[in-house]
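Could you have a look at this structure, given as structure tokens, before my questions?
The values are calculated or read from the model by the stated rules, or taken from the named source; none is laboratory data. On a predicted model such as this, the values are computed, not experimentally measured, just so you know. Neighbour counts run over all protein chains shown; Cβ positions are idealised from the backbone, glycine included.
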Amino acid sequence: MTGLDWLIIAGYFALLVVIVWWSSRKTDTTADYFLAGRNLSWFVVGCSLLASNIGSEHIVGLAGNGATSGMAMAHWELHAWIMLMLGWVFVPFYYRSGVFTMPEFLELRFDGRTRWVLSIVSLVAYVFTKVSVTVYAGAIVFQALLPDTFGSPENAFWIGALTTVILTGIYTILGGLRAVVYTEVAQTALLLAGSVFITLFGLSQLGGWDELKSTLAAESTRVALWRPLSDPDFPWLGVMIASPIIGIWYWCTDQYIVQRTLAAKSLRDARRGAIFGGFLKVLPVFVFLIPGMIGFALHQKGLLHIPLRTDGSLNGDAVFPTMVTTLLPSGLRGIVVAGLLSALMSSLASLFNSCATLFTVDIYKRLKPGLTESALVRVGRLATGVVVVLGIVWIPVMKYISGGGLYQYLQSVQGYLAPPITAVFLLGLFVPRINARGAFTGLVVGFVLGLLKIALQAMAGGGALDSAGVLYAFGQINFLYYSGWLFLASVIIVVVASLTAPAPTAAQISGLTFSSITPEQAAENRASWGAAEVLASAGVLALVIGIYLYFSFWL
């Protein structure tokens with residue numbers, strides 16, 4: 001890192017300070033603090049959706065997976081079509097209901113018990129997966145980029161982790177969601193620009209796109225988009241089953257993402273923001289996944305040395321930091337590092353604010369009704385601080401459980417948490433007969449089955465189970481297939497449990513299912529879209545199909 005690099009990073013932080021100062025001037029009410037005053041334009045919503053999604057774990061993890069498993073993870077990055085589901089199917093219900101959180105919407109559709117379950121599970125999952133993984137990935141980058149700046153690589157790891165978490169926590173506490181989303185607009189541009197430089201310089205060093213293809217052709221089975229059913233990690237059937245289940249949960253029902261659309265200034269802006277986010281969502285394939293494949297090709301040709309793990313395999317999580325330190329000249333390195341910092345901070349800020357929203361609105365407000373708006377904002381700020389501390393505390397554990405690659409670890413854990421939530425939301429919107437007993441039972445049993453798989457998988461991987469036993473075999477089931485079976489089991493449980501109790505009354509589900517939309521709501525929904533939204537959505541679908549077709553036959 002040269003003086004010019006540090007100057008660029010300092011300029012980035014100065015811009016953040018200005019944005020946070022401007023956005024924190026009005027955070028008096030819960031709508032201001034948690035939903036940015038419900039006044040965001042579609043452009044800001046779309047940028048915020050991508051910036052929230054792309055964290056340092058995404059950059060580091062996706063590049064690592066690109067190097068070690070090629071295009072396998074591209075299926076998760078081509079979920080732009082699911083973002084269209086968010087805009088066209090889910091958002092109208094959320095936005096009209098005026099809710100702050102997804103658990104709050106479940107209470108409207110079902111009852112308070114389902115709200116409690118989803119709130120608690122979401123908070124625990126955020127702290128022990130997303131917050132800690134994001135911080136850990138950012139710390140790895142610091143360790144690679146500044147190994148001797150703070151005395152040792154270990155010091156760089158901890159100073160990087162603590163600095164970014166504390167700084168992000170401060171501006172999230174001060175400015176709420178408004179500070180988060182407006183910093184994310186700047187961060188989206190910086191993030192994409194920095195990653196494009198990595199791609200261009202990597203291809204230039206390698207000799208161009210055709211050279212990349214010829215180098216990877218020798219590894220065509222390992223790097224292919226579609227893998228045979230015999231593949232132990234990414235069989236094509238498992239991918240096609242599990243990735244939509246995880247995608248619908250993440251993009252259409254997760255507080256972390258949906259909160260951005262709830263902050264739009266109109267239903268039209270919320271829908272347009274989701275569609276615009278769909279266009280942006282295809283970019284990670286080209287600016288994160290492919291650079292990882294370029295890094296592998298450079299390593300194979302001896303033009304780049306990527307560290308190896310103790311078992312001799314390529315250390316995927318070191319690919320992106322190594323490319324930054326080796327390929328980029330002074331100045332550009334500062335832009336990319338600033339982009340990495342922005343990815344880390346935007347994801348963390350989104351997580352902190354979402355956790356604070358869930359705790360304040362879904363838990364504290366219900367335990368302490370009657371609090372003033374200013375008191376609830378203070379509670380939200382305190383909750384953000386607590387989440388910051390918990391995320392830091394969990395980092396040492398992450399160092400021991402991320403050995404299989406950060407991104408794959410994150411997807412596997414989400415594959416065990418997502419199915420029951422996806423089942424309850426889909427059935428709740430499309431099947432009016434589903435009631436509170438079914439939703440509550442499905443969530444609880446589904447989460448227990450998911451946690452059981454996580455525990456057995458960890459025990460099997462750690463050698464605590466007999467390799468010839470049933471529990472070991474259960475723990476070793478591919479996470480993609482298990483996600484599909486868990487979704488099917490959750491659907492059956494929700495339906496069967498619902499049939500053991502009376503159906504909801506018409507008044508209870510009015511406007512909360514597709515069959516119970518009122519004429520006024522239907523008219524409002526129709527007025528919120530036109531030819532522009534339809535054509536843009538068709539463009540997103542065409543883009544996704546085109547990318548699938550190209551990379552299905554590119555080698």
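Of all residues in the range 460-472, count the ones that are part of a helix (DSSP H, G or I) and out of contact with any Phe, Trp or Tyr (no Cβ under 8 Å at 6 or more places or on another chain). Lay out the reasoning, then the answer.
Going through the range 460-472, the residues part of a helix (DSSP H, G or I) turn out to be 460-461, 470-472.
Okay, now just the ones that are also out of contact with any Phe, Trp or Tyr (no Cβ under 8 Å at 6 or more places or on another chain), so 461, 470-472.
So the count comes out to 4.
Right, another one. If you check every pair at least six apart or on different chains, which have Cβ atoms under 8 Å apart with a residue in the range 453-472 that is farther than 16 Å from V413 by Cβ first and a residue that is not in a helix (DSSP H, G or I) second?
The qualifying pairs are L471/L465; Y472/L465; Y472/D466.
Give all pairs with beta carbons closer than 6 Å in which a residue from the range 226-243 that is farther than 18 Å from Y550 by Cα and in contact (Cβ under 8 Å) with a residue 40 or more places away in the chain meets a residue that is of a type in the set (G, A, S) and part of a helix (DSSP H, G or I); count only pairs at least 6 apart in sequence or on separate chains.
Qualifying pairs under 6 Å: I241/G484; A242/G415; A242/S483; A242/G484.
Residues being more than 13 Å from the chain's Cα centre (by Cα) and part of a helix (DSSP H, G or I): count how many of those fall in the range 343-373. Break it down into steps so the answer makes sense when it comes.
Here is the first cut: in the range 343-373, the ones more than 13 Å from the chain's Cα centre (by Cα) are 345, 352-353, 355-373.
Pick out the ones that are also part of a helix (DSSP H, G or I) and you get 345, 352-353, 355-367, 373.
Result for the range 343-373: 17.
What do you reckon, is I8 modelled with pLDDT of 85 or more, assigned to a helix (DSSP H, G or I), hydrophobic (A, V, I, L, M, F, W, C) and surrounded by fewer than 23 Cβ atoms within 10 Å (Cβ to Cβ)? Break it down into steps so the answer makes sense when it comes.
Numbers: modelled with pLDDT of 85 or more: yes; assigned to a helix (DSSP H, G or I): yes; hydrophobic (A, V, I, L, M, F, W, C): yes; surrounded by fewer than 23 Cβ atoms within 10 Å (Cβ to Cβ): yes.
For I8, the condition - modelled with pLDDT of 85 or more, assigned to a helix (DSSP H, G or I), hydrophobic (A, V, I, L, M, F, W, C) and surrounded by fewer than 23 Cβ atoms within 10 Å (Cβ to Cβ) - is met.
Output the residue which, of all residues in the range 473-490 that are aliphatic (A, V, I, L, M) and assigned to a helix (DSSP H, G or I), is farthest from G415 (Cα to Cα). Show your work before the answer.
Initially, the range 473-490 is screened for residues aliphatic (A, V, I, L, M), giving 473, 477, 480, 486, 488-489.
Remaining after also requiring assigned to a helix (DSSP H, G or I): 473, 480, 486, 488-489.
Details: A473: 18, L480: 7, L486: 9, L488: 13, A489: 14 Å.
Of everything passing the filter in the range 473-490, A473 is farthest from G415 (Cα to Cα).
Taking the range 291-321 as the region of interest, how many residues are at pLDDT 85 or above and surrounded by fewer than 24 Cβ atoms within 10 Å (Cβ to Cβ)?
Matching residues across the range 291-321 total 8.
Taking the conditions exactly as written (modelled with pLDDT of 75 or more and crowded, with 18+ Cβ neighbours inside 10 Å), does I392 satisfy them or not? If you could, list the steps in order and put the result at the bottom.
Working: modelled with pLDDT of 75 or more: no; crowded, with 18+ Cβ neighbours inside 10 Å: yes.
No.
Checking R381 against (1) modelled with pLDDT of 80 or more; (2) in contact with a Leu (Cβ under 9 Å, 6 or more places away or on another chain); (3) closer than 27 Å to G450 by Cα, which test does it fail?
Failed condition: (3).
For the range 320-328, indicate whether the set of residues that are part of a loop (DSSP other than H, G, I, E, B) and either under 16 Å from L203 (Cα atoms) or out of contact with any strand residue (DSSP E or B) (no Cβ under 7 Å at 6 or more places or on another chain) (or both) is non-empty.
yes
Assuming Q457 fulfils every condition listed in (1) over 22 Å from P235 (Cβ atoms); (2) not in a loop (DSSP other than H, G, I, E, B) apart from one, which condition is it?
For Q457, the exception is condition (1).
Tell me, which helices (runs of 4 or more DSSP H) wholly within the range 101-183 include 1 or more residues that are among the charged types (D, E, K, R) and crowded, with 17+ Cβ neighbours inside 10 Å? It would help to see each step written out before you state the result.
Working: elements: 102-109, 112-125, 132-145.
Ranges flagged: 102-109, 112-125.
Let me ask something else about it. Could you tell me which of the residues G484, G511 is surrounded by 13 or more Cβ atoms within 10 Å (Cβ to Cβ), under 26 Å from P419 (Cβ atoms) and not charged (D, E, K, R)? Working first, answer last.
Working: G511 fails: under 26 Å from P419 (Cβ atoms).
Every option except G484 fails the conditions.
Mind counting the residues in the range 503-546 that are in contact (Cβ under 8 Å) with a residue 40 or more places away in the chain and either hydroxyl-bearing (S, T, Y) or closer than 14 Å to A439 by Cβ (or both)?
Qualifying residue count for the region: 9.
Name every residue in the range 11-55 that is under 23 Å from F288 (Cα atoms) and at pLDDT 85 or above, in order of residue number.
F43, V44, V45, G46, C47, S48, L49, L50
Can you report the number of residues in the range 260-281 which are at pLDDT below 90 and not in a helix (DSSP H, G or I)?
1
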